[in-house]
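Engineer: Below are the structure tokens for one structure; questions will follow.
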Amino acid sequence: QALAGIGAEGRQSSFVAELSSMALPKIQELKHKLLSATLPILPSSCLRSSDGEPRATSPCSKDGVFAVSRAGVRSGEPGDPLRAPSVHYLRTAFLREVEVAGLSRESTIHEIEPVVIRTRGVQGVCPRDGSQGLAFVDMLRGTDNVGRATVMLSYSWGYKLGNIIDALNSYCDSHGLDARRTYVWFCCLCVNQHRVREALDRGESVPFDHFALEFSSRVKGIGHVLALIGTWRAPEYITRAWCIYEMYMAMALGCRLDIILPPAEARDFLQALTEGNQRLDAIWEALEAIDVRKAEASMLEDKHNILQQVESGPGFAAFNQKVRRKLHVWFSETAEQETRTLKGHGKDSARACWAAKVGIRTGHMLMELNDFDRLTMLARDWLASLKSAGLRETSVSSSIHNMLGSAFMFRGNFAGARWHLAEAHRIRKATDTLATVGGAEVQHMYGMYLAYRGKLCGALSMTKTAYRTLRACQETPSALAATVLVNRAILHSSVSQFGRAAFYCARAWRALTEQGTLRTPCVARLLTVMAYVDVKSGDIEQALTKSATAYKILVDAGILDMPSAAHVLTIMGWVKKEAGAFDEAFSMCSAAHQTLVSFNMASTVSGIDSMLALAHIKQLRGDPAGAEALRQTALQARAATGIFPLLRLAPAELYE
């Protein structure tokens, strides 16, 4: 092209003209070969600077021009941009090399990169760009050690090597993967760090949009991202803007995304689950802490670009929700794995009893996270284990039956709920343990079963006995005591005793306040019941304030679109309707109804309430046909299940 330009200016000699005529066909031939070849582009995506932040500079570039691997490079061979080390290699040879260099498992990638990674391959020739200095991964040999990436690791350079290796090893073990054939695209080893240092020394960078394009090609090529979030209590990962971006791209491109943590974090989580309080405060605090807007980057422009992409894509709230949901999955899977491990360690009675007690705490968490299928499966396993150990008639067995009864009732299976609750009560009575905290739980839940069958006197009596038992056991204030008081408030509201309802709401609020945590789903439920009572007492403003607080709690917990939040959302919608905000009311009640339909829970207490509340709002919005259709569906569900509505969220005529 330069020669042709010279010719156009009239300064081309006959020699240059001859050279040009010979060269141009060869250039065209080379261009055709390059365009027709299937060549993976080596992206700039995971190049990281000394502070661990990725930089928009090319790991295999010269003078700002991206280099392409030579034609004919086979998948996973040196020069393949997706060439990656195996988990087996990382936990054996690489760890030994780090230790030989005077470092250890406790060393961070920041510390290892200049001493171990960049010192290797200094004299070699890079198969990607032909220059001196190889990427670490291009020096590895043997299929047990290196191959084409099967997963991509998203992490921070501030992590300790031991935690990274342990997390990857644990992931392989829990998913039945061969560590010798699980190849991890690990940016510090797979990007040519010699080029990184050269580019940084020259002060080169690539525009963010170019970086985003290159990174997306890498994520697409692998298709599976493991996000190592560091700790479950306060994930460091979520505070790094570039980590957020990697997770965002995996979600945006529809790739598989799994959250992983080191085994030590799993042990800490299980300790918090089994030894913490019944409200599972640590779990809700961890979920509340997740907020992409708090992420930081060493370059403000990078942070701005990343957050702008997230905001213009799913939005901050939706992205936070997805991250929380991924953490929900990790909570559930880790708890299940631990309870199964405990169950497998022998069949002696002491071990079976301890496993079941851990299971009960796990079950409470699974109920809050709406993982009812996992809960039901595990609870049946725990009961079978107790039976085989000769512990069928024990208080632990009663607690599991009570938990199953509660789950069945919530999902509208009142026949199953009745059997499990009756069995729980029978065992407590036979073992003379009704006058215990566990006995109070059984009395409370059986009382609510009676309430939804329309037996309000029996329900009030049972819940009153449950609360008295808790007081005798000095379990007030407690989360269980607050729950009993909230349900007593609901029972009194159902018979229009709003003064008594307000009294019990106030006592429940005091119990939770004295416990020190006001950010749990239990608190959200209490706040909406209090809002309901406020409306019935004529205080709309207080009701709106409490509803807004409850809404934020559900968002922070990541359960806004889950069944356990649907009834809370329905009551919020009803409060909005009573305040005259019909559009907001319609939006909230519609969301609650759609959630319950999607979980096949339309014929439950929550489902019937949401349909009748939504039917009334449709009437007010001028849609009588839609209102009548919903009303008929709700009445049919009520007739089929025999559910007695406790909170009236629509005029009386809609219930007839």
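The values are calculated or read from the model by the stated rules, or taken from the named source; none is laboratory data. Keep in mind that this is a model prediction, so the values were computed, not measured. With ideal geometry, Cβ positions are generated from the backbone for all residues, glycine too; neighbour counts draw on all protein chains shown. These area figures cover heavy atoms from the full protein model, side chains too; ligands, DNA and RNA do not enter into them. Shrake-Rupley method; radii C 1.70, N 1.55, O 1.52, S 1.80 Å.
Engineer: Taking just the alpha-carbon atoms of the range 210-294, what radius of gyration and Dmax come out, in angstrom?
Structural biologist: Expressed in Å, the Cα Rg and Dmax of the range 210-294 come to 15.2, 50.
Engineer: For a quick check: with amide H placed at 1.01 Å from N, whose amide H comes under 5 Å from residue 125's, ignoring anything fewer than 5 positions away on the same chain?
Structural biologist: Amide H neighbours of residue 125, under 5 Å, 5+ apart: 133.
Engineer: Test of understanding: what is the full-extension gain from residue 621 to residue 455, defined as 0.36 nm times their sequence separation minus their Cα-Cα distance?
Structural biologist: Working it through step by step, the gained length comes to 56.2 nm.
Engineer: Further question on the same structure: Considering every Cα-Cα pair within the range 492-553, what fraction, in whole percent, is farther apart than 16 Å?
Structural biologist: That fraction is 42 percent.
Engineer: With unit charges on the beta carbons (Lys and Arg positive, Asp and Glu negative) and the dipole taken about the Cα centre of the chain, which residue among 158, 217, 409 sits farthest to the positive side?
Structural biologist: Result: 409, furthest along the dipole toward the positive end.
Engineer: Moving to a separate point now. Apply the Karplus parameterisation 6.51 cos²θ - 1.76 cosθ + 1.60, with θ equal to phi minus 60°, to every residue of the range 424-438 and state each ³J(HN,Hα) to the nearest whole Hz, in sequence, with x for glycine and proline.
Structural biologist: Per residue, the Karplus-derived 3J(HN,Hα) values read 4, 5, 4, 5, 4, 5, 5, 9, 6, 10, 5, 8, 10, 4, x Hz.
Engineer: Using only alpha carbons, build the gyration tensor for the range 264-411 and give me the equivalent ellipsoid semi-axes, biggest first, whole Å.
Structural biologist: Result for the range 264-411: semi-axes of 38, 16, 11 Å.
Engineer: Let me ask you something else. For the range 507-613, what is the per residue volume of the convex hull drawn over the alpha-carbon atoms, in cubic angstrom?
Structural biologist: With only Cα atoms used, the range 507-613 gives 93 Å³ per residue.
Engineer: With unit charges on the beta carbon (Lys/Arg positive, Asp/Glu negative), name the residue among 604, 290, 454 whose Cα is farthest towards the positive pole of the charge dipole of the chain.
Structural biologist: 454
Engineer: Additional query: So if I place +1 on the C-beta of Lys and Arg and -1 on the C-beta of Asp and Glu, and nothing else carries charge, what would the dipole magnitude of the chain be about its Cα centre? I want it in debye, nearest 20.
Structural biologist: I would put it at about 1740 debye.
Engineer: Over the chain, what is the relative contact order in whole percent, taking alpha-carbon pairs under 8 Å and six or more residues apart?
Structural biologist: 8 percent
Engineer: Quick one: angle between helix 241-252 and the longest Cα principal axis of the chain, in degrees between 0 and 90, rounded to 10, please.
Structural biologist: That works out to roughly 80 degrees.
Engineer: Rounded to the nearest 20 Debye, what is the dipole magnitude of the range 123-242 about its Cα centre when Lys and Arg each give +1 and Asp and Glu each give -1 at the C-beta?
Structural biologist: Using only the charged Cβ atoms, the result is roughly 120 debye.
Engineer: Would you mind checking which residues have amide H under 5 Å from residue 260's amide H? H placed 1.01 Å from N; only 5 or more apart, or other chain.
Structural biologist: HN-HN under 5 Å from residue 260: 227, 228, 229.
Engineer: I've got another one for you. Which one of 566, 538, 478 is farthest out on the positive end of the charge dipole of the chain, using unit charges on Cβ (Lys, Arg +1; Asp, Glu -1) and the Cα centre as origin?
Structural biologist: Among 566, 538, 478, the one farthest towards the positive end of the dipole of the chain is 478.
Engineer: Roughly speaking, to the nearest percent, how much of the chain's 1.4 Å accessible area is carbon and sulfur?
Structural biologist: Using a 1.4 Å probe with all protein chains present, the chain comes out at 52 percent carbon and sulfur.
Engineer: Related question: With a 1.4 Å probe and every protein chain left in place, work out the accessible area per residue of the range 99-247 in Å², rounded to a whole number.
Structural biologist: 37 Å²
Engineer: What does the accessible area per residue of the range 462-588 come to in Å², with a 1.4 Å probe and no ligands, DNA or RNA counted?
Structural biologist: 38 Å²
Engineer: Can I ask one more? Which order do the peptides 231-244, 282-295 take when ranked by the mean count of other beta-carbon atoms within 10 Å per residue, highest first?
Structural biologist: 231-244, 282-295
Engineer: Counting only the heavy atoms of the protein chains, how much of residue 429 is accessible to a 1.4 Å probe, in Å² to the nearest 10?
Structural biologist: Its heavy atoms expose roughly 140 Å² to the probe.
Engineer: Still on this structure: Report, in cubic angstrom per residue, the convex hull volume of the C-alpha atoms of the chain.
Structural biologist: So the per-residue Cα hull volume is 204 Å³.
Engineer: Now a separate question. Rounded to the nearest 500, what is the chain's calculated 222 nm mean residue ellipticity when only DSSP H runs of at least 4 contribute -39500 (n - 2.57) each, over all residues?
Structural biologist: So the helix-based figure for the chain works out to -19500 deg cm²/dmol.
Engineer: Return the long-range amide H neighbours of residue 240 (sequence gap of 5 or more, or a different chain), with a cut-off of under 5 Å between placed amide H atoms.
Structural biologist: Amide H to amide H, under 5 Å and 5 or more residues apart or across chains, residue 240 pairs with 296.
Engineer: Same structure, new question: With θ set to phi - 60°, apply the Karplus curve 6.51 cos²θ - 1.76 cosθ + 1.60 along the range 352-369 and write out the HN-Hα couplings as whole Hz, x wherever there is a Gly or Pro.
Structural biologist: Computed from phi, the couplings for the range 352-369 are 4, 5, 5, 4, 5, 5, 4, x, 5, 5, 4, x, 4, 5, 4, 5, 5, 8 Hz.
Engineer: If you don't mind, another one. Work out, step by step, the length gained on full extension between residue 99 and residue 513: first 0.36 nm times the residue separation, then minus their alpha carbon distance; give nm to one decimal.
Structural biologist: The residue 99-residue 513 span can extend by a further 143.9 nm.
Engineer: How large is the charge dipole for the range 64-205, taken about the Cα centre, if only the Cβ atoms of Lys, Arg (+1) and Asp, Glu (-1) carry charge, to the nearest 20 debye?
Structural biologist: 300 debye
Engineer: Moving on to the next point. So what's the angle, to the nearest 10 degrees on a 0 to 90 scale, between helix 521-536 and the longest Cα principal axis of the chain?
Structural biologist: Rounded to the nearest ten degrees, it is 50.
Engineer: OK, next. Over the range 405-521, what is the mean sequence separation of C-alpha contacts under 8 Å (at least six apart), divided by residue count, expressed as relative contact order in percent?
Structural biologist: RCO, the range 405-521: 17 percent.
Engineer: Rounded to the nearest 10 degrees, what's the angle between the helix 263-275 long axis and the longest principal axis of the chain, both from Cα atoms, 0 to 90?
Structural biologist: Taking Cα atoms only, the helix is inclined about 10 degrees.
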